[in-house]
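Below: one structure, written as structure tokens.
What follows is calculated from the coordinates using simple rules that are stated; it is not laboratory data. On a predicted model such as this, the values are computed, not experimentally measured, just so you know. Reconstructed Cβ throughout: ideal geometry from the backbone, glycine too, with neighbour counts over all protein chains shown.
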Amino acid sequence: MANKVEQIHANLFSKAIETLKTGQKLASVDYFVCGVCGNTVEDAAPEQCPVCGAPKTKFFKIA
Ligand SMILES: [Fe+2]
């Protein structure tokens, strides 16, 4: 699970870096983190974590 989550984190960082390289500002996005495995998703928590299967209630919003 940790490897899957770190790949997801790396993709989010790469996306941010590519945006900054263009000179654009990063969009305001809400991030939700699974309290069980650390999976991080944009905009809204899923009904079930696609990595560990935890329910939506295990996700918390970060600013
Ligand atoms: Fe999870």
key: Counted residues, the range 15-38 - those being in contact (Cβ under 8 Å) with a residue 12 or more places away in the chain and either more than 14 Å from the ligand (Cβ to nearest atom) or in contact with a Pro (Cβ under 7 Å, 6 or more places away or on another chain) (or both)   = 2
inquiry  = Can you pull out every residue in the range 21-63 that is among the hydroxyl-bearing types (Ser, Thr, Tyr) and within 20 Å of residue 4 (Cα to Cα)?
reply    = 31, 40
ask   = Before we move on, is residue 4 of a type outside the set (Ser, Thr, Tyr), within 14 Å of the ligand (Cβ to nearest atom), surrounded by 10 or more Cβ atoms within 10 Å (Cβ to Cβ) and assigned to a helix (DSSP H, G or I)?
value = yes
message = Pairs please, first residue from the range 46-63 and free of Cβ contacts under 8 Å to residues at least 24 places away in the same chain, second anywhere and assigned to a loop (DSSP other than H, G, I, E, B) and loosely packed, with under 13 Cβ neighbours inside 10 Å, Cβ atoms under 6 Å, 6+ apart in sequence or on different chains.
response = 56/47
Residue satisfying all of: in the range 51-63; in a loop (DSSP other than H, G, I, E, B) and loosely packed, with under 14 Cβ neighbours inside 10 Å; nearest to the ligand (Cβ to nearest atom) among these = 53
